[in-house]
Amino acid sequence: MRLAGSVAGVAAISVTGVTASAQAPDSTTRGAMPADPATVAMVRQWNGECVACHTEQALLFPPKAGMDLDRLADALMDPFAFNQSQHGGMACKTFHGKGFQDYPHDKQAGDAILGCSECHAKEAFRIQSQLDRSVHARNLSDRFSCTSCHDPHVDRVARDLADARQVVAQDNGKCLECHNSDERFAELGVSLPEARTRPDIDTIHEWLPNTQRHWQAVRCIECHTPASTHSTIAVNHQILDAEQAERNCTVCHSRDSSLNLRLYRWQTEREASELGFLNSAILGDSYVIGATRNVYLDQLAYWLVGLLLAALALHGGLRIIGALVRKRKGS
Ligand code: HEC
Ligand code: HEC
Ligand code: HEC
Ligand code: HEC
Ligand code: HEC
Ligand code: HEC
C-alpha cells in the first residue's frame, strides 16, 4: 500500500531528529493555524503546492519532468483524508522544513522533519514511558516508534469521530496493519531472537465467539491495555503481555461495562448527563449482550409488573368480597 510506504518513510526520517532548518513551533500554538477563512485559504494554497506532486495523480501525470517517481511513490498522501485529520488545518511546511520548499528537494531535507514530541511534549513524555513497558519494546525497541501506529496525515482523534465503529476501524487498523500482514510483521520480525512467524489473529482468539464481529465492535486495545486514568489522554499506550490481556467476558458484557470508560468514553461523558440513559451510547451502536440496558426501560418494566400484581390483587380481593356479599344475601 502506497500510503503505508510513505508512513514508513516518515517513521524512518523522524527518528533522525530536528536540524536548524525546522524549528519547534511556538509552544502555545504548536504550529496550529488560526481558523479564520483567510488563513485557512492561505494554508490550503500552500499545501496545494505540495499536493500537486504528492498524490497518485502526479505519478500518472508528473507535473515536472525528471522526477524520481519510485521515491515519490513512497511519499504519497491523500489530501481529502489529510484535510479531515487532526492535523488537517496545519501547513505541511510546519512539519517538513525549508528543505522541501522547492523541487528538487534539498539532499538533507529529510533530516528536518519534526518528531511528534516537538509539539506534543507533555503527552509524549507520559506515552513514551508506557511504550517502554509495552510488549513491543522488549524485542523491537527502537524499530517501533509513534509512527509505527500513527499516521499523522490521516489519524483523527476519537473524540471527533461521531461513530464508535469508525474509531474501532481506525484503531484496529493500526494493529492489524502488522498483525494481519506477514510482510509487515516480517519487516520488524527479523530482529527477533528466534525468527518468529506471525500467529494468526483469529486462531489466537479462538476462545472468543465470532471474532470478526468483535473486531468490528471493539478495539484490540480494550483488552490489551490497562484503562487510562489520565483526564486528557484517553488511551493508555502500554500493550500488555498476552498473559495479562483481558479474557473475562463480563468486563464488557455487563451493566457496568468497561466500554463506558474506554471506547465510549466521549459519548458517555456527553450523553449520560444530558439524557439520563445508562449505556445509551452503546445501545445506539451495538447490541452488547448484558450491557445494553436502559434505566427507564428497567423502571418501566418494574412498574408494569407491579401494576399487574396490584391489578390481580384488586381483582382477586373484589371477587372475594363479592362472593362474601352474595353469600350473606343468600343466607
Ligand atoms: C515538483 C514536485 C514536488 C513538489 C512541489 C513537492 N515535492 Fe516533495 N517530493 C517530490 C519527489 C519527486 C520526491 C521523491 C524524492 C526526491 O526526488 O527527492 C519528494 C519527496 C518528498 C518527501 C520524502 C523525502 C524522503 O526522503 O523520502 C517529503 C517529506 C516531501 N517530498 C515533502 C514535500 C513538501 C512538504 C512539499 C511542499 C512544501 C513538497 N514535498 C513539494 C516532488 C515534489
Ligand atoms: C508541528 C507540530 C506538531 C507535530 C510535529 C505533531 N503534531 Fe499532532 N497536533 C499538533 C496540533 C497543533 C494539534 C491540534 C491540537 C488541538 O487541536 O488541540 C495536533 C493534534 C494531534 C492529535 C489529536 C489530539 C487531540 O487531543 O486533539 C494527536 C493524536 C496527534 N496530534 C498526534 C501526533 C503524532 C503521533 C505526531 C507524530 C507523528 C504528531 N502529532 C506530530 C501539532 C503537531
Ligand atoms: C501500539 C500503537 C501505538 C503507538 C506505538 C503509539 N500510539 Fe498513540 N495511540 C494509539 C491508539 C490506538 C490511540 C487511540 C486513538 C484515539 O482513540 O483517538 C492513540 C492515541 C494517541 C493520542 C491521543 C490521546 C487522546 O485521546 O487525546 C496521542 C496524543 C498519541 N496517541 C500520541 C502518541 C505518541 C506521541 C506516540 C509515540 C511516543 C504514540 N502515540 C505511539 C496507538 C499507538
Ligand atoms: C509495526 C508493526 C506492529 C504494530 C503496528 C503492532 N504490532 Fe503488536 N507486534 C508486532 C510484532 C513484530 C510482534 C512480535 C514481537 C515479539 O515477539 O517480541 C508483536 C507482538 C504483539 C503482542 C504479543 C506479545 C506476546 O506476549 O507475545 C501483542 C499482544 C501485540 N503485539 C498487540 C498489539 C496491539 C494491540 C497493537 C495495536 C495497538 C499492535 N500490537 C500493533 C508488530 C506490530
Ligand atoms: C476480548 C479481548 C481481546 C480482544 C478484543 C483482542 N485480544 Fe488479543 N488477546 C486476548 C487474550 C486474552 C490473549 C491471550 C490468549 C492466550 O494466551 O491464549 C490475546 C493474545 C493476543 C496476541 C498474542 C499472540 C501470541 O504470541 O501468543 C496478540 C498478538 C494479540 N492478542 C493481538 C490482538 C489484536 C491485533 C487484536 C485486535 C484485532 C486483539 N488482540 C484483540 C484478548 C483480546
Ligand atoms: C472488550 C469488550 C468485550 C469482551 C471482553 C467480550 N465481548 Fe463479546 N461483544 C462485545 C461487543 C461490543 C459486542 C457487540 C457486537 C455487535 O454489536 O456487533 C459483542 C458481541 C458478542 C456476541 C454476539 C455475537 C454475534 O454473533 O451476534 C457474543 C455471543 C459475545 N460477544 C460473547 C462473548 C464472550 C463469550 C466473551 C468472553 C469469552 C466476550 N464476548 C468478550 C464486546 C466484548
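The values are calculated or read from the model by the stated rules, or taken from the named source; none is laboratory data. These figures come from a predicted structure and were not determined experimentally. FYI the Cβ positions are ideal-geometry reconstructions off the backbone, even for glycines, and counts take in every protein chain you see.
When restricted to residues that are in contact (Cβ under 8 Å) with a residue 40 or more places away in the chain and not hydrophobic (A, V, I, L, M, F, W, C), the stretch 28-59 contains 4. Among the residues of the stretch 147-165, those identified as more than 16 Å from ligand 1 (Cβ to nearest atom) and either touching a residue at least 60 places away in the same chain (Cβ under 8 Å) or not in a loop (DSSP other than H, G, I, E, B) (or both) are SER148, CYS149, ASP155, ARG156, VAL157, ALA158, ARG159, ASP160, ASP163, ALA164, ARG165.
Assess whether GLN166 counts as being among the polar types (S, T, N, Q), within 30 Å of THR268 (Cα to Cα), surrounded by 16 or more Cβ atoms within 10 Å (Cβ to Cβ) and modelled with pLDDT of 90 or more. Break it down into steps so the answer makes sense when it comes.
Details: among the polar types (S, T, N, Q): yes; within 30 Å of THR268 (Cα to Cα): yes; surrounded by 16 or more Cβ atoms within 10 Å (Cβ to Cβ): no; modelled with pLDDT of 90 or more: yes.
For GLN166, the condition - among the polar types (S, T, N, Q), within 30 Å of THR268 (Cα to Cα), surrounded by 16 or more Cβ atoms within 10 Å (Cβ to Cβ) and modelled with pLDDT of 90 or more - is not met.
If you go through the stretch 43-92 and keep only what is under 15 Å from HIS105 (Cα atoms) and within 16 Å of ligand 2 (Cβ to nearest atom), you end up with CYS50, ALA75, CYS92. Checking each residue in the stretch 229-243 for being aliphatic (A, V, I, L, M) and in a loop (DSSP other than H, G, I, E, B) picks out ILE233, ALA234, VAL235, ILE239, LEU240.
Determine if the stretch 179-190 includes at least one residue that is in a loop (DSSP other than H, G, I, E, B), within 13 Å of ligand 4 (Cβ to nearest atom), surrounded by 11 or more Cβ atoms within 10 Å (Cβ to Cβ) and β-branched (Val, Ile, Thr). Lay out the reasoning, then the answer.
Initial filter on the stretch 179-190 (in a loop (DSSP other than H, G, I, E, B)): 180-181, 190.
Narrowing further to those that are within 13 Å of ligand 4 (Cβ to nearest atom): 180-181, 190.
Right, trim to surrounded by 11 or more Cβ atoms within 10 Å (Cβ to Cβ) and you get 180-181.
Those left that are additionally β-branched (Val, Ile, Thr): none.
Checked against the condition, which is being in a loop (DSSP other than H, G, I, E, B), within 13 Å of ligand 4 (Cβ to nearest atom), surrounded by 11 or more Cβ atoms within 10 Å (Cβ to Cβ) and β-branched (Val, Ile, Thr), the stretch 179-190 yields no hits at all.
TRP266 satisfies every condition listed in (1) within 15 Å of ALA164 (Cα to Cα); (2) near ligand 5 (Cβ under 7 Å from one of its atoms); (3) in contact with a helix residue (DSSP H, G or I) (Cβ under 9 Å, 6 or more places away or on another chain) except (2). Contact map, the stretch 205-228: first residue free of Cβ contacts under 8 Å to residues at least 60 places away in the same chain, second residue loosely packed, with under 13 Cβ neighbours inside 10 Å and among the acidic types (Asp, Glu), Cβ cut-off under 8 Å, separation 6 or more or different chains; pairs are THR211/ASP202; GLN212/ASP202. On the stretch given as the stretch 60-108, residues that are surrounded by 19 or more Cβ atoms within 10 Å (Cβ to Cβ), free of Cβ contacts under 8 Å to residues at least 60 places away in the same chain and part of a helix (DSSP H, G or I) total 2.
Scanning the stretch 253-275 turns up at least one residue that is assigned to a loop (DSSP other than H, G, I, E, B), more than 14 Å from ligand 3 (Cβ to nearest atom) and surrounded by 15 or more Cβ atoms within 10 Å (Cβ to Cβ). Among the listed residues LEU114, LEU140, which satisfies the condition of being in a helix (DSSP H, G or I) and at pLDDT below 95? Going through LEU114, LEU140 in turn, the sole match is LEU140. Suppose the filter is closer than 28 Å to GLN170 by Cα and not basic (Lys, Arg); does HIS96 pass it? Taking the combined requirement at face value, the residue satisfies it.
Results for (1) assigned to a loop (DSSP other than H, G, I, E, B); (2) exposed (fewer than 15 other Cβ atoms within 10 Å of the Cβ); (3) within 10 Å of ligand 5 (Cβ to nearest atom), shown as yes or no for each residue.
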site: ASN172; (1), (2), (3): no, no, yes
site: ARG198; (1), (2), (3): yes, no, yes
site: THR203; (1), (2), (3): no, yes, yes
site: TRP207; (1), (2), (3): yes, yes, yes
site: ILE221; (1), (2), (3): no, no, yes
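Is it the case that LEU131 is under 29 Å from SER231 (Cβ atoms), touching a helix residue (DSSP H, G or I) at 6+ places or on another chain (Cβ under 7 Å) and either of a type in the set (A, V, I, L, M) or modelled with pLDDT under 95 (or both)? Spell out how you get there, then give the answer.
Numbers: under 29 Å from SER231 (Cβ atoms): yes; touching a helix residue (DSSP H, G or I) at 6+ places or on another chain (Cβ under 7 Å): yes; either of a type in the set (A, V, I, L, M) or modelled with pLDDT under 95 (or both): yes.
Considered against the rule, which asks whether it is under 29 Å from SER231 (Cβ atoms), touching a helix residue (DSSP H, G or I) at 6+ places or on another chain (Cβ under 7 Å) and either of a type in the set (A, V, I, L, M) or modelled with pLDDT under 95 (or both), LEU131 comes out as yes.
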